[in-house]
Amino acid sequence: MRKIFVYFLLMGAMVVSSCGKKSPDEKKSKGAKSKTEFPKEVKDLLAKMSVEEKAGQMTQIDIRNLLNDGYGNTDQKINAEKLAEAIQKYHVGSLLNCIHAYTPEKWIELITQIQDEAMKTPNKIPILYGTDAVHGVGFISGATLFPHNIGLAATRNDALVKEAGHITAIEARSVGFTWNFAPVLDVGREPYWSRLEETFGEDVYLCKQMGNAAIIGMESPGLNSNQGVAACMKHFIGYSAPKNGIDRTQAHLPEIVLREYYLPPFAEAVRNGVATVMINSAEINGIPTHGNKSLLTDLLRDELGFEGMACSDWEDIIRLHTWHKVAATPKEAVAMAVNAGVDMSMVPNDFSFPQYVVELVNEGKISKERLDEAVGRILTLKHKLGLFANPMPDTTHIKTIGSEKHQQVALEAARESIVLLENKNSLLPLKSNARILVAGPCANSVTALNSSWSYTWQGDVASLYPEEATTVVSSLEAKFGKGNVISNAVADFDAVANYDAAFIRKNAGSSDVIVLCLGEPAYAEQPGVIKDLNLPAEQKELVRAAKQTGKPVVLLLIEGRPRLLPEVADLADAVLLCFRPGNTGGTAIAEILAGDVNPSARMPFTYPRYNGDIILYDHKWKEIEQQLKAGVADTLAFNPQWEFGRGLSYTTFEFSNLKTDKQEFSKSDSVKVDVTVKNTGERAGKVSVELYSRDHFASITPNVRRLRKYSKIELNPGESKEITFYVNAEDLAFVSKEHVRITEPGKFDLMVEGQKTVIELK
């Protein structure tokens with residue numbers, strides 16, 4: 001084995017060559033610091049608070065429990081007695097909402113009433129109000145909704161992701177939402193998983209870069225600013241790798257895999273000072289994460305140095321008892337989770353949690369030190385958010401909610417998120433006077449364009465969407481003229497009309513092109529679970545019917561994960577993967593079909609061809625080898641429908657002259673990598689320049705390739721530009737058998753679009 005250079009012993013510790021590695025004492029010191037050092041105001045307040053008050057601060061309740069009609073949610077009014085009980089009797093420290101969207105004015109009224117009640121308590125501790133603003137503030141009527149993260153990942157545009165996070169923070173803060181349960185930093189490596197649309201895809205580096213761009217966008221104005229909110233990295237850790245693909249089910253993850261593929265985005269977020277973390281609802285290797293102290297304290301706190309507040313996900317502490325069966329009683333479940341490192345419980349529907357905490361502290365089963373540690377983190381966050389100074393909603397930016405300026409950013413994000421996968425004989429863009437037959441279940445569905453966390457949890461109530469939200473049909477009518485668009489599509493995804501092949505055959509003769517809008521209805525979490533990735537048969541039949549007419553066929557795939565169509569994919573003349581592009585998605589699709597916008601997105605995941613052929617782009621060499629007969633093998637097992645990184649344009653780009661400033665480098669060096677890109681087509685276009693690496697040999701089997709850097713540029717026809725990346729030994733590191741990040745001496749391929757060069761670490 002070659003000599004090993006260890007660049008950093010801790011997965012989450014940021015180390016450059018000049019810093020050296022941290023000693024065990026330094027690591028312990030950082031962990032201890034995160035547990036004990038709170039602002040003086042927080043220490044003074046802790047000294048005055050009773051155990052009951054502290055237990056209440058650790059409690060988060062769904063606002064529906066305080067409404068006059070509870071979950072019925074018809075009059076949108078808080079019951080004063082229920083509110084007083086929650087805040088005065090149980091000292092609840094946080095509320096959240098999972099109700100359908102309210103107007104900004106209604107939210108301001110409700111949150112003002114809540115904070116008024118909090119100001120009547122002896123210590124006047126404000127309420128921390130949280131919401132799931134996953135792709136915009138989906139619980140505010142008319143709020144700006146962006147493409148889901150999976151589409152944002154396709155943009156390869158970190159600046160757009162940051163701006164989307166910033167706009168989300170502005171709109172949330174303007175009604176009094178100060179805590180956003182986003183972004184999802186789970187790496188999306190399981191295509192069955194129903195929350196794949198909330199991830200930034202399957203690549204570690206892409207998730208790390210884009211997830212943290214979102215966090216910076218939300219938090220960088222300052223947590224106490226009227227343009228900032230506390231972000232929440234979620235779901236720590238391994239949540240996106242369910243063994244059977246079903247949401248909230250167990251994962252089998254060896255530590256080396258956990259650290260190599262799932263930890264880096266969280267480690268990067270910690271380095272950037274993210275305010276909060278939400279815990280994985282499921283279990284890893286038989287241990288529920290909410291009760292796993294080695295993950296929540298040893299790894300998250302002591303190793304990574306996370307100093308923020310850790311909250312549970314929905315009802316997940318009691319589920320240590322009801323689901324996971326590792327706690328014999330609900331009370332034991334509370335002790336297990338709190339002692340493991342959970343600071344706040346999203347209970348969310350009763351007051352059992354604070355009562356159990358009080359009993360456990362009095363019995364010595366939760367120490368007073370641990371109690372103060374958890375509450376200190378919560379109070380510190382409230383101080384950082386400026387809630388003690390002014391707990392009321394700051395309405396300075398209330399008129400920006402859903403504003404034209406914000407919608408334009410969402411539209412640009414949608415434009416850059418849509419991937420052109422196929423374009424035979426340059427069918428697209430269509431002529432301006434093209435007669436278009438539009439069919440399929442997603443054609444007239446605004447909910448399919450948005451899906452989860454869109455004005456409701458499931459995003460499936462069309463009546464709650466703003467009038468300005470477009471569908472594919474309405475957008476094509478606006479772009480090509482109503483008289484040039486023929487469609488019988490309706491909003492109800494399951495309606496018979498959406499699957500009427502006879503309609504296609506009947507009307508094809510009066511059309512120039514057939515556009516089929518296929519994919520998935522809106523869903524979130526467990527209601528979105530499926531057992532087969534194949535696109536439903538009735539949707540595939542639409543493709544066959546369209547092809548039989550002899551007219552060109554364009555497929556628009558509107559979906560949150562890859563739905564398979566191997567039998568009919570080749571029947572299409574053009575394919576666009578639209579993901580969940582948001583309220584402006586229909587407009588963006590029409591602009592691309594018309595050629596007003598040149599597509600520039602790249603695939604954020606590997607699109608499988610078959611259910612049994614799920615191999616990711618960064619696979620190992622042996623994964624793609626198959627032995628056809630004794631002594632004869634090939635490496636053709638990797639045969640996806642569309643590869644990670646694929647993305648066509650209406651222009652062409654030429655990559656050339658890949659070079660480095662040195663062929664050999666040391667652990668203290670950076671290698672300068674240059675490549676020239678030229679637009680060789682006839683129109684301007686954006687292109688993502690992506691640098692991949694491959695280790696020739698390593699002590700852990702190397703990946704076939706890994707994305708290391710990317711940069712998105714725009715070039716006019718005939719224009720060329722030299723792009724520069726810098727690569728150091730840390731960029732090429734991997735997790736060793738000893739579970740530390742290392743870079744071993746040896747040769748590495750650096751690759752950009754068919755160009756390759758070799759560098760060697762000496």
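The values are calculated or read from the model by the stated rules, or taken from the named source; none is laboratory data. The structure displayed is predicted, hence computed values, not measured ones. Cβ atoms come from the backbone with ideal geometry, glycine included; neighbour counts cover every protein chain shown. SASA here: full protein model, heavy atoms, side chains in, ligands and nucleic acids out. Shrake-Rupley method; radii C 1.70, N 1.55, O 1.52, S 1.80 Å.
Taking every residue in the stretch 404-433 that is under 14 Å from ALA572 (Cβ atoms) and pairing it with any residue that is surrounded by fewer than 16 Cβ atoms within 10 Å (Cβ to Cβ), at least 6 positions away or on another chain, the pairs with Cβ-Cβ distances below 8 Å are LEU428/GLY595. All conditions but one from (1) at pLDDT 95 or above; (2) of a type in the set (Gly, Ala, Ser); (3) over 30 Å from LEU761 (Cβ atoms) apply to GLY612; the one that does not is (1). The condition of being among the β-branched types (Val, Ile, Thr), modelled with pLDDT of 95 or more and open to solvent by 20 Å² or more (accessible area, probe 1.4 Å) holds for only one of THR743, THR676, that being THR676. Of all residues in the stretch 278-297, those that are open to solvent by 10 Å² or more (accessible area, probe 1.4 Å), of a type outside the set (S, T, N, Q) and in a helix (DSSP H, G or I) total 3. Pairs are defined by a Cβ separation below 8 Å, a sequence spacing of at least 6 or placement on different chains, a first member in the stretch 303-331 that is closer than 22 Å to GLU373 by Cα and of a type in the set (Ser, Thr, Tyr), and a second member that is at pLDDT 95 or above and not in a loop (DSSP other than H, G, I, E, B); the pairs so defined are SER312/MET278; SER312/ILE279; SER312/HIS290; SER312/ALA337; SER312/MET344; SER312/SER345; SER312/MET346.
Determine which member of the set GLY364, GLY305 is open to solvent by 50 Å² or more (accessible area, probe 1.4 Å) and either among the charged types (D, E, K, R) or closer than 26 Å to GLU37 by Cβ (or both).
Values: GLY305 fails: open to solvent by 50 Å² or more (accessible area, probe 1.4 Å).
Checking each option against the conditions leaves just GLY364.
Condition test on ARG370, is it open to solvent by 10 Å² or more (accessible area, probe 1.4 Å) and within 22 Å of THR131 (Cα to Cα)? Judged against the criteria, ARG370 is not a match. State which residue is nearest to the chain's Cα centre (by Cα) when the search covers only the stretch 633-666 and only residues that are open to solvent by 60 Å² or more (accessible area, probe 1.4 Å) and modelled with pLDDT under 95. For the stretch 633-666, the residue satisfying everything is ASN639.
Scan the stretch 138-163 for residues that are open to solvent by less than 20 Å² (accessible area, probe 1.4 Å) and assigned to a loop (DSSP other than H, G, I, E, B) and the total you get is 9. The lone criterion from (1) under 14 Å from the mean Cα position of the chain (by Cα); (2) farther than 22 Å from ILE530 by Cβ; (3) surrounded by fewer than 24 Cβ atoms within 10 Å (Cβ to Cβ) left unmet by LEU185 is number (3).
When the stretch 658-672 is examined, which residues are found to be within 13 Å of ALA729 (Cα to Cα) and in a strand (DSSP E or B)? Result: GLU664, PHE665, SER670, VAL671, LYS672.
Kindly establish whether TYR465 is more than 28 Å from LYS431 (Cβ to Cβ) and in contact with a Leu (Cβ under 7 Å, 6 or more places away or on another chain). If you could, list the steps in order and put the result at the bottom.
Numbers: more than 28 Å from LYS431 (Cβ to Cβ): yes; in contact with a Leu (Cβ under 7 Å, 6 or more places away or on another chain): no.
Against the criterion (more than 28 Å from LYS431 (Cβ to Cβ) and in contact with a Leu (Cβ under 7 Å, 6 or more places away or on another chain)), TYR465 does not qualify.
Looking across the stretch 679-688, just one residue is open to solvent by less than 50 Å² (accessible area, probe 1.4 Å), touching a residue at least 60 places away in the same chain (Cβ under 8 Å) and not in a strand (DSSP E or B), and that is ALA684.
Within the stretch 410-431, restricting attention to residues that are open to solvent by less than 30 Å² (accessible area, probe 1.4 Å) and in a helix (DSSP H, G or I), the residue that is farthest from ARG683 (Cα to Cα) is ALA410. Is it fair to say LYS629 is free of Cβ contacts under 8 Å to residues at least 60 places away in the same chain and either open to solvent by 10 Å² or more (accessible area, probe 1.4 Å) or under 30 Å from GLY142 (Cα atoms) (or both)? Judged against the criteria, LYS629 is a match.
Has the stretch 105-117 got at least one residue that is in a helix (DSSP H, G or I) and in contact with a Lys or Arg (Cβ under 6 Å, 6 or more places away or on another chain)? No, the stretch 105-117 contains no residue that is in a helix (DSSP H, G or I) and in contact with a Lys or Arg (Cβ under 6 Å, 6 or more places away or on another chain).
Tallying residues that are under 17 Å from the mean Cα position of the chain (by Cα) and hydrophobic (A, V, I, L, M, F, W, C) within the stretch 559-600 yields 2. For the stretch 224-277, what are the residues that are open to solvent by 10 Å² or more (accessible area, probe 1.4 Å), among the basic types (Lys, Arg) and either closer than 21 Å to LEU196 by Cα or assigned to a strand (DSSP E or B) (or both)? Selection gives LYS243, ARG248, ARG259. Could you go through the stretch 551-563 and let me know if any residue there is open to solvent by 10 Å² or more (accessible area, probe 1.4 Å), small (Gly, Ala, Ser) and modelled with pLDDT of 95 or more. No, the stretch 551-563 has no match at all. Taken over the stretch 196-223, the criterion of being touching a Pro at 6+ places or on another chain (Cβ under 9 Å), within 25 Å of ARG563 (Cα to Cα), not in a loop (DSSP other than H, G, I, E, B) and not hydrophobic (A, V, I, L, M, F, W, C) is satisfied by GLU198, TYR205, GLY211. Residues of the stretch 510-543 that are part of a helix (DSSP H, G or I), open to solvent by 10 Å² or more (accessible area, probe 1.4 Å) and touching a residue at least 40 places away in the same chain (Cβ under 8 Å): SER510, GLN526, PRO527, GLU541.
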